[in-house]
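Asker: What follows is a structure written as structure tokens; I'll ask about it next.
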Amino acid sequence: MSVNQTLNDLQWQELIRSVAEYYNDLTIKRGFQYYKQGRVTELSIGGDGEIEAVVKGGEAYRVHLNPESVQDSRCSCPVGERCKHSIAALLEYVSRQGRSVHAIVNAHTTVRLQHHLPETEAEEDLGPVQRGSAADALREKAAHLAEMSLSEWHAFFKLCITPLEFTSQNSHYARNAIHAINAVKPDLTPALEQLYQLHARLYMLIKLIKPIVPGGRSPAFLGYHVQVAADELRGGMLQLLGEGIDLAAEPDQWPRVTKTLNYLRRQMLTETGQQGYLFDVYDRFWLKWIHPNVTDTRMHEEEMRKLQSAEEELGDTLSRLPWMLAQARIAFLMGEDRQAWSWLQAADKASIIPHGFLTSFLDELSASEDWARLQEWLVRLAPLFSNHRKEPLHEYAAYWNTFVQHVPEAEETMWHTLAGMLPYSKEVYEDNLLAHEKWRLWMDVQLSSGKDPLEFRVSVLAPIEKQAPELLLPFYHQGVERHVLLKNRSGYKAAVKLLKRLAKLYKKLKREERWEEFIIVFSSRHSRLRALQEELRKGKLIP
């Protein structure tokens, strides 16, 4: 093991086993106390992977460790070997390796669990490991993965991660678990490999978000570190599903796919809280793995029947938002848009629909260039987007722009729909007006809402000044009057700034005489406002 080399999963499992065999539990616990007290100093790893450290006890003792052969470890303390100082040094090393200190501290319990395999909920006991190391037993079982059922896979996953059971549930724990599950895996066919990787992450995700608690219900809220780990697992599954699966080349994997669907459906329909981890996986599973691999809607119809029967079957344990969204998705994939809209409206009344789910319908229709259907969905989804924040609304408007590029004659429908979403759509409506050079409409919106011209960057107003400068005249005049009404120095300075812009506009429009008349009347009308008069003179607008 080189200086920078880290323990792989097999070495880690072997280290736990060796510690349990070589050290008694009391020594391990005492070494843990020394480790927690920060008594380990000057720890270094040699080129051969062996460890040198100094541990402060009654005096400073020098420890020599070999992680691959802990029985060869030595310490300069009176005990000499199998001492708390070597355990403290080992725990410091384990910590720096990013592994779980508690897995070593509880090594005796961990090894007992490895040698007495628990029963799964749905399948028979896989049997105890009678002889040999845990790693050898796992390799032997892994050789039969292709013949195992899904529940046997999950039982196998449980065995693989047994050494990690005492670690904190965070993203590091989840990554180590996936590594452990893959460490003894043989080569699998492409589709079988994808299914295996999906289930490995699915098993870990459910373990995180559906822990066994009294009463049988999983908690509604997750800790921060658990959420981070769950997000990472969900992201990995969505990426895996997004790659698609070639079931035509491996039709024998269809039974696993359908059983995966049944498992996913049950899990997502009983997920508590608002995270939607399992629904996201279920939804992508349908979009990318099932729908592209079927030629008719029989499987969709069967899925709809199962979803509808779940309400009576699950009762109070049914998670209603995923249940409604799932039916909206299946109806959409069947081409039953009215039914899909009905479910989405029902879901919107009951809860907040994630905006990513709404845009996914538009993604699918844009990708397939089904413009007629896309227009209907854009109009129908408008009320559902009206309650979202500005970022999703900008994304929604971008679909409209893409659509209008391909169907220019539908532009009026876009303006009518965006206007109907006001006031929620105000920002995206205005941005679209500018993008499409609808200067007059944009200016009407600003005048009616009493916007201050100084709130806008020069780059926003520059195109209007260049192509339709006359539209800015009432906007600037209105702004001047509003600032003067403030009757303070800052208001007068802002008014003068706008008056200078007006002077340039009148000159550009070759209406200098009109400007001269206006500024004379304006100055006379506000002659009693001495501070304003001073600012006008500073701005060289009056003599």
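The values are calculated or read from the model by the stated rules, or taken from the named source; none is laboratory data. What you see is a predicted model; the values in this text were computed from it and never measured. So basically every Cβ, Gly included, is an ideal-geometry build from the backbone, and we count neighbours across all protein chains shown. The protein model used for the area step is the full one, side chains on, heavy atoms only, and it has no ligands, DNA or RNA in it. Shrake-Rupley method; radii C 1.70, N 1.55, O 1.52, S 1.80 Å.
Asker: Got a number for residues in the range 404-447 being under 28 Å from L502 (Cβ atoms) and open to solvent by 20 Å² or more (accessible area, probe 1.4 Å)?
Answerer: Looking only at that region, the number is 15.
Asker: Could you tell me which numbered condition S18 fails, if it satisfies all but one of (1) touching a residue at least 12 places away in the same chain (Cβ under 8 Å); (2) over 27 Å from I178 (Cα atoms); (3) of a type in the set (G, A, S); (4) outside any loop (DSSP other than H, G, I, E, B)?
Answerer: Only one criterion in (1) touching a residue at least 12 places away in the same chain (Cβ under 8 Å); (2) over 27 Å from I178 (Cα atoms); (3) of a type in the set (G, A, S); (4) outside any loop (DSSP other than H, G, I, E, B) is unmet by S18, namely (2).
Asker: For the subset of the range 380-403 comprising residues that are assigned to a loop (DSSP other than H, G, I, E, B) and open to solvent by 50 Å² or more (accessible area, probe 1.4 Å), which member is modelled with the highest pLDDT?
Answerer: For the range 380-403, the residue satisfying everything is N387.
Asker: Which residues, counting only those in the range 4-40, are within 14 Å of L65 (Cα to Cα) and not small (G, A, S)?
Answerer: Listed by number, the residues that qualify are L15, V19, Y22, Y23, V40.
Asker: I've got another one for you. Filter the range 266-288 for residues that are closer than 22 Å to P211 by Cα and among the aromatic types (F, W, Y); which is surrounded by the most Cβ atoms within 10 Å (Cβ to Cβ)?
Answerer: Y282
Asker: Inspect all residues belonging to the range 303-316 and state whether any of them is closer than 19 Å to A200 by Cβ and either in contact (Cβ under 8 Å) with a residue 24 or more places away in the chain or among the aliphatic types (A, V, I, L, M) (or both).
Answerer: no
Asker: Looking only at the range 317-329, which residues are open to solvent by 10 Å² or more (accessible area, probe 1.4 Å), of a type in the set (A, V, I, L, M) and free of Cβ contacts under 8 Å to residues at least 40 places away in the same chain?
Answerer: Within the range 317-329, just M324 meets the criteria.
Asker: G132 fails exactly one of the following numbered conditions: (1) outside any loop (DSSP other than H, G, I, E, B); (2) of a type in the set (G, A, S); (3) at pLDDT below 85; (4) open to solvent by 20 Å² or more (accessible area, probe 1.4 Å). What is the number of that condition?
Answerer: Tallying (1) outside any loop (DSSP other than H, G, I, E, B); (2) of a type in the set (G, A, S); (3) at pLDDT below 85; (4) open to solvent by 20 Å² or more (accessible area, probe 1.4 Å), G132 fails exactly one: (1).
Asker: Residues in the range 429-445: is at least one without any contact (Cβ under 8 Å) to a residue 40 or more places away in the chain and closer than 20 Å to H526 by Cβ?
Answerer: No, the conditions are met nowhere in the range 429-445.
Asker: Let me ask something else about it. Go through the range 196-210 residue by residue and tally those that are assigned to a helix (DSSP H, G or I) and of a type in the set (D, E, K, R).
Answerer: Counting residues in the range 196-210 that are assigned to a helix (DSSP H, G or I) and of a type in the set (D, E, K, R) gives 2.
Asker: Filtering the range 347-374 down to residues that are surrounded by 18 or more Cβ atoms within 10 Å (Cβ to Cβ) and β-branched (V, I, T), which residue is nearest to T402 (Cα to Cα)?
Answerer: Here the residue is T359.
Asker: Out of the range 82-94, which residues are in contact (Cβ under 8 Å) with a residue 60 or more places away in the chain and either open to solvent by 10 Å² or more (accessible area, probe 1.4 Å) or touching a His at 6+ places or on another chain (Cβ under 8 Å) (or both)?
Answerer: R82
Asker: Mind listing whichever residues of the range 289-305 are closer than 18 Å to N262 by Cβ and open to solvent by 60 Å² or more (accessible area, probe 1.4 Å)?
Answerer: Scanning the range 289-305 gives H291, R298, E301, E302, R305.
Asker: So W377 fits all but one of (1) touching an Asp or Glu at 6+ places or on another chain (Cβ under 9 Å); (2) open to solvent by 50 Å² or more (accessible area, probe 1.4 Å); what number is the exception?
Answerer: Among (1) touching an Asp or Glu at 6+ places or on another chain (Cβ under 9 Å); (2) open to solvent by 50 Å² or more (accessible area, probe 1.4 Å), the lone unmet condition for W377 is (2).
Asker: If you don't mind, there's one more thing I want to ask. Checking the condition among the β-branched types (V, I, T) and open to solvent by 10 Å² or more (accessible area, probe 1.4 Å), which residue from V79, V55, V70, V63 passes?
Answerer: Sole residue among the options that is among the β-branched types (V, I, T) and open to solvent by 10 Å² or more (accessible area, probe 1.4 Å): V79.
Asker: Please work out which one of (1) over 27 Å from L138 (Cβ atoms); (2) assigned to a loop (DSSP other than H, G, I, E, B); (3) among the small types (G, A, S) is the condition G31 fails and give its number.
Answerer: Result: G31 fails condition (2) only.
Asker: Go through the range 93-114 and count every residue that is modelled with pLDDT of 80 or more and in a helix (DSSP H, G or I).
Answerer: 10
Asker: In the range 488-507, which residues are charged (D, E, K, R), touching a residue at least 40 places away in the same chain (Cβ under 8 Å) and farther than 15 Å from V458 by Cα?
Answerer: R489, K493
Asker: Can you tell me which of (1) crowded, with 19+ Cβ neighbours inside 10 Å; (2) within 30 Å of A531 (Cα to Cα); (3) without any contact (Cβ under 8 Å) to a residue 40 or more places away in the chain is the one G450 doesn't meet?
Answerer: Of (1) crowded, with 19+ Cβ neighbours inside 10 Å; (2) within 30 Å of A531 (Cα to Cα); (3) without any contact (Cβ under 8 Å) to a residue 40 or more places away in the chain, only one is false for G450: (1).
Asker: Additional query: How many of the residues in the range 165-187 are aliphatic (A, V, I, L, M) and outside any helix (DSSP H, G or I)?
Answerer: Of the residues in that region, 1 qualify.
Asker: Still on this structure, I have one more. For I542, state whether it is in a loop (DSSP other than H, G, I, E, B), of a type in the set (A, V, I, L, M, F, W, C) and open to solvent by less than 50 Å² (accessible area, probe 1.4 Å).
Answerer: Considered against the rule, which asks whether it is in a loop (DSSP other than H, G, I, E, B), of a type in the set (A, V, I, L, M, F, W, C) and open to solvent by less than 50 Å² (accessible area, probe 1.4 Å), I542 comes out as yes.
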